[in-house]
1. Helix-derived [θ] at 222 nm for the chain: sum -39500 (n - 2.57) over DSSP H runs of at least 4, divide by residue count, nearest 500?
2. About its Cα centre, what dipole magnitude does the chain give when the only charges are +1 on Lys and Arg Cβ and -1 on Asp and Glu Cβ, stated in debye to the nearest 20?
3. Given bins 10 angstrom wide, list per bin the percent of all Cα-Cα distances in the chain, short to long.
4. Spelling out what I want: for every residue of segment 187-193, take phi, set θ = phi - 60°, compute 6.51 cos²θ - 1.76 cosθ + 1.60 (Karplus), and round to whole Hz; glycine and proline get x.
5. Quick one: which of 223-233, 237-247, 22-32 comes out on top by average Cβ neighbours within 10 Å, and what's the full order, highest first?
6. Enter the per residue convex hull volume of segment 196-349, computed from alpha-carbon coordinates, in Å³ rounded to the nearest integer.
7. Just need the relative contact order of segment 209-349 here, percent rounded to a whole number, with Cα pairs under 8 Å and 6+ apart.
8. Dividing the convex hull volume of the Cα atoms of segment 259-349 by its residue count, what figure in Å³ per residue is obtained?
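The values are calculated or read from the model by the stated rules, or taken from the named source; none is laboratory data. Predicted model only: the values in this text are computed from it and were never measured. All Cβ positions, even for glycine, are placed from backbone atoms using ideal geometry, and neighbour counts span all protein chains on display. These area figures cover heavy atoms from the full protein model, side chains too; ligands, DNA and RNA do not enter into them. Shrake-Rupley method; radii C 1.70, N 1.55, O 1.52, S 1.80 Å.
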Amino acid sequence: MWCTATTLAAAQTPLEVLLVGTSHYNGESDASYRPIIDKLKAYQPDLVIGEYLGPADARQLPATQGEARPYQRSLRYLQRREMQAPPLSAKAAAAVRRQLRRNPQLHQQRIDLARYYAYNYDRANAEYQLYLLEETYKDRLSAADQAYYRQAFGPADSVRKVLKMVRPLTEYHRIFFPLLQELGQDQLYSMDCQRYGQEFSQASSQTYGQFLALQKAFKADSTTEQATTFRRMTAAKTAYFTYLDAAATSEEAYRIMNAPAFGKLNDDLNFYGDEALYGAPGFPTAAVQAMKTQWELRNQGMCDNIVRRAREQKAHRVVVAVGSAHTMIMRRMLAAMPNVRISTYHDLP
């Protein structure tokens, strides 16, 4: 009864969620992302949540689903390494986390922790620990530490190109891992939802096939009603990049990526012109509607995960990193959830 009352009280506590719609490619200098990190740090979140699958959800992915491949690749890669000792147990990993809080310079223990996360389908935290090893502590690793790292993970080039767990141009490497470190937080929480991934992929493939057929017909005759539809579909891409290219700095780009106007441009781009073209000659209306059904289900699942993770950790204020295509739909869904206050990076002063 006490647990039930405690859970109910936690659910009734206001939760502040700051959505940060991101680009998955961040190719400017580290310094250009510093204003973004500083603003998020000033927000003082209790925890940071990213667009990664949680370990339990990752384990349940069907082997044939595309999102399962990085996990399959990681396990094969680690099993071929020189270090053949079993990974840490959950109890031992928790003990290592406590040791690292007291002494962050225990590099071999950090390597063991990264390996534990990688073996246990926690890609978010494997990547965070590898970021710390590759960036923060790289120059402090002794020769013995470096040899131990190679035994566990192989050459640095392979960690990037084969294991693909060090990705320097992602929003995590540029913004959210530095943010976590500066906040003194040792975990990134996960919220992605891929239960509907196969159905979405099927609908997306059907839509794209019909788009290609429309494109072929347009090249053969650009005077038809279907050709007019094709022009309107491709205009969405032009409008999207014209809007985004107006940003002079990375901080400005992130601000406009979180504005309501960009949410509409994202929908127009990702859904080939979206609802304004439903019923237009040649437009793949049914296939696009099927895509959007699965898209809404995924985003609702992500919102549910955000609130559940935050409530589990008794957090009152969280930062959520998510691809910018999700920002506005998730803002709408989170705003409809009880005792959740929602804002985006665009709303920050």
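1. After summing the helix terms and dividing by the residues of the chain, the value is -18000 deg cm²/dmol.
2. Values: 43 positive and 35 negative charges, 194 e Å.
With only Lys, Arg, Asp and Glu charged at Cβ, the dipole is about 940 debye.
3. 5, 22, 29, 25, 13, 4, 1, 0
4. Karplus-based 3J(HN,Hα) across segment 187-193 equals 9, 9, 8, 10, 8, 5, 9 Hz.
5. Working: 223-233: 16.6, 237-247: 12.8, 22-32: 14.4.
With the highest mean Cβ count within 10 Å placed first, the list reads 223-233, 22-32, 237-247.
6. So the per-residue hull volume is 120 Å³.
7. This gives 26 percent for segment 209-349.
8. Given the Cα convex hull of segment 259-349, per-residue volume reads 98 Å³.
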